[in-house]
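Visitor: Got a structure here, written out as structure tokens. Questions coming.
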Amino acid sequence: MMSNHNSMNNNNDPKIELHLHLEGGAPPKLIRQISKEKNIDISGIFSQDGHYIFRDFRQFLSVYEAATSVLTSPNDFYRLTKAVLEQSAQNGVIYTEAFLSPDFCGGSDMAAWRDHLAAIEEAATEARHEWGITMRGIVTCIRHFGPQKAKNAALCAAETANEFIRGFGMGGDETFGTQGNYSYSFDLAREAGLKLTTHAGEWGGAESIRQATEDLKVERLGHGVQVIEDLSLVKKIIEKDITLEVCPGSNVALSIFPNIKSHPIAKLREMGVKVTVSTDDPPFFHTTMCQEYERLTDAFNWEQDDFKELNKAAVSAAFCDDETKVRLLKELDTK
Ligand code: ADE
Ligand code: ZN
């Protein structure tokens, strides 16, 4: 595609990503390869040209779960993590926070979770050495699996909270139940010292964001973009210093906004909301961090300095330790 003078190649510009679902980053080729090795037929989730195919959000979630179902061993997650981090590093990502779901790693069984997590962490350590990318994990429950399963995920999170596992969050179908239904899990995770985020205001509107801030007391919001519906709530999240993990390409791919120009990220930023940029599930939404930056440049004339400011805000809102933050800020300034 032709690009204008603004959309210079930004591959090498260092980027911080705060919202990436590990399974959502799975290259279709890897999922096909593993399904072949295990003789599992999931051909229905792919288009003829080999991409994931779905019509809407609900179907996206079921395609996502079908793709994930072939990942059954710690080694599968090792391979997944390497593949995802290699992609991210090729897009200039120097730090990524990945959502990890115990439900998909042995069904939230604690021993199985520990084994899967060890494999993921081994891959992350290798990726740091090979490609210079740092990863941290946010353990995530799946909202439409219900509050009971979320408790198991929170227990897994609390038991494995450390330098690598930094946070607890919730993804899945935001129209299922209320945020408050999950407060037990979020309280448990907070007491274990984990930082908190939840998908809110992707599908559930301003009300879901209100619940997330009041009932779950999260410090960040996954998406959060529907806050634009309620200006008094915009003011509140600014006062509470809540950062949004905005995924513009994901929102457009799922038709929450018809195109990037009508996406509220620029308006929210102008209003003083702390926004950051992430991909969510890059191969599912045909995006990469470089493409996100290019589209934002084309739509809003954002330049290198704008992205630098966004990336600094992302470091500030990251769930990692201060020493890592200092290193990342240095890398943003020198690379
Ligand atoms: N899981 C993976 N991607 C998601 C999204 N965009 N919303 C909710 N849950 C998800
Ligand atoms: Zn997400």
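Visitor: Suppose we filter the range 80-123 for residues that are small (Gly, Ala, Ser), touching a strand residue (DSSP E or B) at 6+ places or on another chain (Cβ under 6 Å) and under 12 Å from Ile165 (Cβ atoms); how many remain?
Guide: The first filter runs over the range 80-123 and keeps only residues small (Gly, Ala, Ser), leaving 83, 88-89, 92, 98, 101, 106-108, 111-112, 118-119, 123.
Then keep just the ones that are touching a strand residue (DSSP E or B) at 6+ places or on another chain (Cβ under 6 Å); that gives 88, 92, 98, 101.
Cutting the leftovers down to under 12 Å from Ile165 (Cβ atoms) gives us 98.
Qualifying residue count for the region: 1.
Visitor: Go through (1) within 16 Å of ligand 2 (Cβ to nearest atom); (2) closer than 21 Å to Cys141 by Cβ; (3) surrounded by 14 or more Cβ atoms within 10 Å (Cβ to Cβ) one by one and return the number of the condition Phe77 breaks.
Guide: Tallying (1) within 16 Å of ligand 2 (Cβ to nearest atom); (2) closer than 21 Å to Cys141 by Cβ; (3) surrounded by 14 or more Cβ atoms within 10 Å (Cβ to Cβ), Phe77 fails exactly one: (1).
Visitor: State all residues of the range 23-74 that are among the aromatic types (Phe, Trp, Tyr) and either over 27 Å from Pro258 (Cβ atoms) or within 16 Å of ligand 2 (Cβ to nearest atom) (or both); if no residue qualifies, say none. Full working, then the answer.
Guide: Pass one, the range 23-74, residues among the aromatic types (Phe, Trp, Tyr): 46, 52, 54, 57, 60, 64.
The answer is Tyr52, Phe54, Phe57, Phe60, Tyr64.
Visitor: For the range 113-132, does any single residue satisfy the condition of being polar (S, T, N, Q), part of a helix (DSSP H, G or I), without any contact (Cβ under 8 Å) to a residue 24 or more places away in the chain and closer than 20 Å to Glu17 by Cβ?
Guide: yes
Visitor: Taking the range 202-229, which residues are under 21 Å from Asn181 (Cα atoms), within 15 Å of ligand 1 (Cβ to nearest atom) and assigned to a helix (DSSP H, G or I)?
Guide: Gly205, Ser208, Ile209, Ala212, Gln226
Visitor: Another one. Can you tell me which residue within the range 265-301, out of those that are hydrophobic (A, V, I, L, M, F, W, C) and part of a strand (DSSP E or B), is nearest to ligand 2 (Cβ to nearest atom)?
Guide: Val277
Visitor: Residues being away from ligand 2 (no atom under 16 Å from the Cβ), buried (at least 23 other Cβ atoms within 10 Å of the Cβ) and of a type in the set (Ser, Thr, Tyr): count how many of those fall in the range 150-208.
Guide: Final tally of qualifying residues: 1.
Visitor: Here is a further query. Pull up the range 245-264, narrow it to residues that are in a helix (DSSP H, G or I) and either of a type outside the set (A, V, I, L, M, F, W, C) or away from ligand 2 (no atom under 15 Å from the Cβ) (or both), then point me to the one that is farthest from Ile94 (Cα to Cα).
Guide: We begin by selecting, within the range 245-264, every residue in a helix (DSSP H, G or I); these are 248-253, 260-262.
Next, from what is left, pick out any that are either of a type outside the set (A, V, I, L, M, F, W, C) or away from ligand 2 (no atom under 15 Å from the Cβ) (or both): 248-251, 260-262.
Details: Pro248: 20, Gly249: 20, Ser250: 21, Asn251: 24, Ile260: 25, Lys261: 27, Ser262: 29 Å.
So the residue we want is Ser262.
Visitor: Still on this structure, please answer the following. State which residue pairs qualify: first residue in contact (Cβ under 8 Å) with a residue 40 or more places away in the chain and inside the range 41-68, second residue of a type in the set (D, E, K, R) and surrounded by 16 or more Cβ atoms within 10 Å (Cβ to Cβ) in any location, beta carbons under 6 Å apart, and separation of 6 or more residues or different chains.
Guide: Going by the 6 Å Cβ cut-off, the qualifying pairs are Thr68/Glu23.
Visitor: Is it true that some residue in the range 193-210 is of a type in the set (Phe, Trp, Tyr) and either touching a Gly at 6+ places or on another chain (Cβ under 8 Å) or over 15 Å from Pro264 (Cα atoms) (or both)?
Guide: No.
Visitor: If you don't mind, another one. Please go through (1) among the polar types (S, T, N, Q); (2) buried (at least 16 other Cβ atoms within 10 Å of the Cβ); (3) more than 13 Å from ligand 1 (Cβ to nearest atom) for Ser232 and return the number of the only condition it doesn't satisfy.
Guide: Ser232 satisfies all of (1) among the polar types (S, T, N, Q); (2) buried (at least 16 other Cβ atoms within 10 Å of the Cβ); (3) more than 13 Å from ligand 1 (Cβ to nearest atom) except (2).
Visitor: If a residue has to be surrounded by fewer than 18 Cβ atoms within 10 Å (Cβ to Cβ) and charged (D, E, K, R) to count, how many in the range 244-295 make the cut?
Guide: Selection size over the range 244-295: 3.
Visitor: What single numbered condition from (1) over 30 Å from Lys312 (Cβ atoms); (2) crowded, with 22+ Cβ neighbours inside 10 Å; (3) within 16 Å of ligand 2 (Cβ to nearest atom) fails to hold for Pro102?
Guide: (3)
Visitor: Tell me yes or no: at least one residue of the range 177-184 is at pLDDT 95 or above, within 20 Å of the chain's Cα centre (by Cα) and assigned to a helix (DSSP H, G or I).
Guide: yes
The values are calculated or read from the model by the stated rules, or taken from the named source; none is laboratory data. The model shown is predicted, which means the values in this text are computed figures rather than measured ones. Because the Cβ atoms are built from the backbone with ideal geometry, glycine has one as well, and the counts that use them run over all protein chains shown.
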